[in-house]
Structures are given as structure tokens and as C-alpha cells.
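Worksheet for the structure shown next.
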Amino acid sequence: GLFSKKIENELLDKQIDIAVHALKDMPSVETKGLLTNCFLERNDPREVFISLNNNLIKDLKPNSIVGTSSYRREFQLKKIRSDLNYKLIRGNVDTRLNKLSEQLYDAVILSYAGIKSLKLDQKISQIFSTKEIIPSVGQGVVALQCRINDFKTIELLEKINHKPTSICATAERQFLKILEGDCETAVGAIANIEDKNIILEAELFSMDGKQRFYNNASKNINSPIELGTEVGEILKKESKNSYKR
């Protein structure tokens, strides 16, 4: 959220008129005076696994070191392979892949959208479905933000807003808002539209990763906020705030 905040300050100071963000990096609560109401068509939200010898996760030797930047990914992967070592990895995609090639890690997990944009698909060892690993809220979505009273820009952005993505992003962000989590909260959510309904699938882990709370629900596509609220309230109640640090 730190990088997003710097861009938002430029927007508030009128140094820029439109801010472009990766939605998954944005806080769920909108900054006062700003409006995030335009979403480009979603890129692939799935997660990918890149390993030294192009191994699938099931083929890694026990105690192999897997680099991940979030508790969510660590806890999700532990459901698949609890006998591996999960170690924090920082930096951009190139930095992480360099650490892998230096054999500091045996594998890393990254977002498919980032790998695709850098045309590094050939390095992918495995692609996880969103059923196997539920992505972070807003993963794969580019959001455009402007000042709340800049009506000319708001009108301009309305013309490029991708409605289905906007509906899904609204449900996911509302779910996260209800949880009142922070950047360390291990939470994933993905919304999809089928016919006239929006389906939201979400999971939440306790602080130590030992407990997993899951829910999915659907509502009419005109009710993304209500859907996000419903799923958020259910998981918040079930978890008894065990996800908060």
C-alpha cells in the first residue's frame, strides 16, 4: 500500500489527474477525496509455480525451499505440501527469479498476470487453478483512480470501465473491507459472473495458518456490495478474529 499511497498523494496534490494501480495493492478503504470506479478487463488471476528444474510442486523433494511474498500463498501451499520450507522473498519479478537461479530457493510462486506481462511464460513450471489457490482480492485487475470532484475525468473513465470486472472487483473489495484486515491478513477471494449472477469464493486463514475458513455464495449481478458483505460477515464470525495480528 505504500507505493499506492505515494501515487494517491500526487493525485490529491493535482500533480496528476489519473492514477493507475494494481488493484491487489490497494487498501479496501478508499482514500478521502479520491474515487476508484474504473477497472480494466481483468487479466489472468491465477498463480504460477516456477521451479529450478521445472518440477511440479508434487515432485519437489521434502524440505525444498519455496519463496513466497505473502502468508496467504504460504498457507495455501502448505495445504498441498506441508513438508516443504516456505521462506519470505522480496523484490520485483526479475529479482525473485534471479534469487531462484542463484539457488537460494528451489521454487517461487508468483502471479500469472505479472509473468505474462513480462513475457516470461516459458519459465512457468505449473499453473494453479483458482480452485487450488484462491488469488488475492483484485488480482489481475488494473484500477484507475481520480479525484472525487473531477467530473470531467470521471466521465472519461466511465467510457473505458469494463463492467463485468467492475462488478467482480466491487464484491471482492467489499468482502475485504468487512474483514478490516491489513497487508499481513492471509485472505483470498475471487468473483466470477455466470449468466445474471455473481459468485464469490473466499477463504481466510488464522494468524498461524492452522485454521482455514471458507465460504462461497452468489447473488444477482446488481448486488456485488451485498454479496461481499454477506461472505465477509460469515467468515469474520466463523474465524472469531483469529486472522488478526
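The values are calculated or read from the model by the stated rules, or taken from the named source; none is laboratory data. Predicted model only: the values in this text are computed from it and were never measured. With ideal geometry, Cβ positions are generated from the backbone for all residues, glycine too; neighbour counts draw on all protein chains shown. When the accessible area is computed, the model is the full protein with side chains, heavy atoms only, and any ligands, DNA or RNA have been set aside. Shrake-Rupley method; radii C 1.70, N 1.55, O 1.52, S 1.80 Å.
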Which condition number does GLY232 fail, the rest of (1) modelled with pLDDT of 95 or more; (2) part of a loop (DSSP other than H, G, I, E, B); (3) open to solvent by less than 20 Å² (accessible area, probe 1.4 Å) being met? (2)
Tell me, which helices (runs of 4 or more DSSP H) lie completely within region 1-108 with 3 or more residues that are more than 30 Å from LEU157 (Cα to Cα) and among the charged types (D, E, K, R)? 71-80, 93-101
If I ask for residues that are more than 17 Å from CYS183 (Cα to Cα) and open to solvent by less than 80 Å² (accessible area, probe 1.4 Å), which ones from region 1-26 would you list? ILE7, GLU8, ASN9, LEU11, LEU12, ILE16, ILE18, ALA19
All positions within region 4-60 that are closer than 25 Å to GLU184 by Cα and acidic (Asp, Glu): GLU8, ASP25, GLU30, ASP44, GLU47
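May I ask you to verify whether GLU238 is open to solvent by 30 Å² or more (accessible area, probe 1.4 Å), closer than 25 Å to LYS32 by Cβ, touching a residue at least 24 places away in the same chain (Cβ under 8 Å) and charged (D, E, K, R)? First the steps, then the outcome.
On the way: open to solvent by 30 Å² or more (accessible area, probe 1.4 Å): yes; closer than 25 Å to LYS32 by Cβ: no; touching a residue at least 24 places away in the same chain (Cβ under 8 Å): yes; charged (D, E, K, R): yes.
For GLU238, the condition - open to solvent by 30 Å² or more (accessible area, probe 1.4 Å), closer than 25 Å to LYS32 by Cβ, touching a residue at least 24 places away in the same chain (Cβ under 8 Å) and charged (D, E, K, R) - is not met.
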Among ASP182, ASP121, which is the only one that is open to solvent by 40 Å² or more (accessible area, probe 1.4 Å) and free of Cβ contacts under 8 Å to residues at least 24 places away in the same chain? ASP121
LEU156 meets each of (1) under 16 Å from ALA217 (Cα atoms); (2) assigned to a helix (DSSP H, G or I) with one exception, condition (1)
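Quick one: is LEU144 open to solvent by less than 50 Å² (accessible area, probe 1.4 Å), farther than 22 Å from GLY188 by Cβ and either out of contact with any Ser or Thr (no Cβ under 7 Å at 6 or more places or on another chain) or not hydrophobic (A, V, I, L, M, F, W, C) (or both)?
Values: open to solvent by less than 50 Å² (accessible area, probe 1.4 Å): yes; farther than 22 Å from GLY188 by Cβ: yes; either out of contact with any Ser or Thr (no Cβ under 7 Å at 6 or more places or on another chain) or not hydrophobic (A, V, I, L, M, F, W, C) (or both): yes.
So LEU144 fits the description; yes.
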Could you give me the residue pairs with C-beta distances under 9 Å whose first residue belongs to region 69-98 and is surrounded by fewer than 14 Cβ atoms within 10 Å (Cβ to Cβ), whose second residue is at pLDDT below 95 and among the basic types (Lys, Arg) wherever it lies, and which are 6+ apart or on separate chains? none
